[in-house]
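Notes for the one structure printed next.
The values are calculated or read from the model by the stated rules, or taken from the named source; none is laboratory data. None of the values given here were measured: they were computed from a predicted structure. Quick reminder, even Gly has a Cβ in these numbers, built from the backbone with ideal geometry, and neighbours come from all protein chains shown.
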Amino acid sequence: MGSTTLARGNILEEKLFSISITPVAVAANTTAEQSFTVIGISVGDYINIASSAAQTAGIIIGNCRVSATNTLTVQFGNFTAQSATPVAGTYGVIWGAPEQLPLDSNAL
């Protein structure tokens, strides 16, 4: 896909896809980042992820980011008094690649 004429604020590519992941347990009353391989993503890409099944009680998804090429990092929060494991299975991903980096720091 070719570049546009605007110097900032453009998404070069966007895709919705699914991945299968198996998170590990998260300690009580804490958050923890876990990494998963997703071929084709790069640092600077934007990621949004959600489970297609009901999440384990007390578990939430916090920040998600591309921490290295082909590596998706998801922060899971456990807001219970005991260890809990996020649901394993299919997660939907919305991925966006900016046209250029670094991104502009304002909306104008």
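General remarks:
- Counting only strands (runs of 3 or more DSSP E) wholly contained in region 11-108, the ones carrying 1 or more residues that are free of Cβ contacts under 8 Å to residues at least 24 places away in the same chain and crowded, with 16+ Cβ neighbours inside 10 Å occupy 59-68.
This table checks each residue for (1) at pLDDT 95 or above; (2) out of contact with any Gly (no Cβ under 6 Å at 6 or more places or on another chain); (3) more than 27 Å from residue 101 (Cβ to Cβ).
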| position | (1), (2), (3) |
| --- | --- |
| 2 | no, yes, no |
| 15 | no, yes, no |
| 23 | yes, yes, yes |
| 35 | yes, yes, no |
| 68 | yes, yes, no |
